Amino acid sequence: MPEKMIEVLKIGKEFTNNFKSLEVLKDISFSVNRGSFTSIVGMSGCGKTTLLKIICGISNPYSGQILINGEAALKAGKNHYFGIVFQEPTLLPWRNVYNNIELPLELNSCPRTKFKTDDLIRLVGLKGFEDVMPHELSAGMKARVAIARALIFHPSILLMDEAFNNLDEITRGNLNLELLRIWKEIKTTVLFVTHNISEAIFLSDRIIVLTPRPGTVRKVIDVDLPRPRDKQTRRLPEFIEIVENARELLS
Ligand SMILES: Nc1ncnc2c1ncn2[C@@H]1O[C@H](COP(=O)(O)OP(=O)(O)OP(=O)(O)O)[C@@H](O)[C@H]1O
Ligand SMILES: [Mg+2]
């Protein structure tokens, strides 16, 4: 039996603004196996980002429970399991690639397991670009820096929120392949949010399809496509069939 790394148990979330409440997530339950790649897909506004923030402890209060490694996760504050990549790479413009990747080391004084920065730079394919400033980087290279920065503390869980949204299709496809290579090399558990169904299926072992707001789990799809996956995977009839079925669930 695969080991459960994250258990999301009956999560509900309401925001209250100006005395009006907005139900964003309702009765969300699913689990994520250790070392697996799981994607969350759903329409804009269905609560995907909110769910990721709840899982890593930066959005509360909420109802329900998050278990990490079978233990109740912290309800307040970030805990040490996570590396996070957001949609915007948010690099500091006055720091070069190397120093942007090292930023979390300066912001976090607790002793933690670390990757060597040079190893991370090699891992994300930026060797030779250590001294380059953010304005000299392409969008794809910025995404690579953001991934390396998220990995600096060797997180056991990597959360990615629409991290490839700003990229053209070819760069995005290449970074999908790179991400699978990185995932295989560091053996972390990945939870990946995307609007792009075929990207989710290409990358994942499991897809959590959410309904429009309030987000509930419409379906959990286990993707049994063989690994390693490559450009040919997208041409397989099984791949095309899963993509079409998942699209219908969202339309
Ligand atoms: N801090 C907040 N206060 C009030 N409402 C919020 C807050 N954060 C998110 N919301 C609302 O919760 C809903 C879900 O937002 P969320 O960002 O989680 O959606 P999403 O699925 O990530 O959307 P997208 O795909 O566009 O990124 C939206 O209606 C949003 O307006
Ligand atoms: Mg979002």
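The values are calculated or read from the model by the stated rules, or taken from the named source; none is laboratory data. Fair warning: this is a prediction, and the values are worked out from it, not measured in the lab. Reconstructed Cβ throughout: ideal geometry from the backbone, glycine too, with neighbour counts over all protein chains shown.
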Is it the case that region 146-157 has a residue that's within 16 Å of ligand 2 (Cβ to nearest atom), at pLDDT 95 or above and out of contact with any Lys or Arg (no Cβ under 6 Å at 6 or more places or on another chain)? yes
Just need a number here: residues in region 45-54 that are more than 9 Å from ligand 2 (Cβ to nearest atom) and surrounded by fewer than 22 Cβ atoms within 10 Å (Cβ to Cβ). 1
Evaluate the following for Val209: is it in contact (Cβ under 8 Å) with a residue 24 or more places away in the chain and within 16 Å of ligand 1 (Cβ to nearest atom)? yes
Need a quick list: helices (runs of 4 or more DSSP H) entirely within region 131-244 having at least 1 residues that are within 25 Å of Gly57 (Cα to Cα) and in the same structural domain as Ser44 (by TED's automatic domain parsing). 169-186, 197-203
Consider Arg144 carefully, then state whether it is over 16 Å from Lys231 (Cα atoms) and charged (D, E, K, R). yes
Identify, by number, the condition in (1) of a type in the set (Asp, Glu); (2) under 18 Å from Ala146 (Cα atoms); (3) away from ligand 2 (no atom under 16 Å from the Cβ) that Glu88 doesn't meet. (3)
Can you find, within region 31-56, the residue that is farthest from ligand 1 (Cβ to nearest atom) among those that are of a type in the set (Gly, Ala, Ser) and more than 11 Å from the chain's Cα centre (by Cα)? Gly35
Within region 93-110, is there a residue that is under 30 Å from Lys4 (Cβ atoms), under 19 Å from the mean Cα position of the chain (by Cα) and not assigned by TED's automatic domain parsing to the domain that holds His195? yes
Region 199-233, residues that are of a type in the set (D, E, K, R) and under 21 Å from the mean Cα position of the chain (by Cα): Glu199, Asp205, Arg206, Arg213, Arg218, Lys219, Asp222, Asp224, Arg227, Arg229, Asp230
Would you confirm whether or not region 162-184 contains a residue that is touching a Ser or Thr at 6+ places or on another chain (Cβ under 7 Å), over 22 Å from Glu238 (Cα atoms) and more than 16 Å from ligand 1 (Cβ to nearest atom)? no
Matching residues, region 29-44, being under 18 Å from Phe164 (Cα atoms) and either part of a loop (DSSP other than H, G, I, E, B) or within 14 Å of ligand 2 (Cβ to nearest atom) (or both): Ser39, Ile40, Val41, Gly42, Met43, Ser44
With the requirement that a residue be over 21 Å from Ile68 (Cβ atoms) and touching a strand residue (DSSP E or B) at 6+ places or on another chain (Cβ under 8 Å), what does region 211-235 give you? Thr211, Arg213, Pro214, Thr216, Arg218, Lys219, Ile221, Asp222, Val223
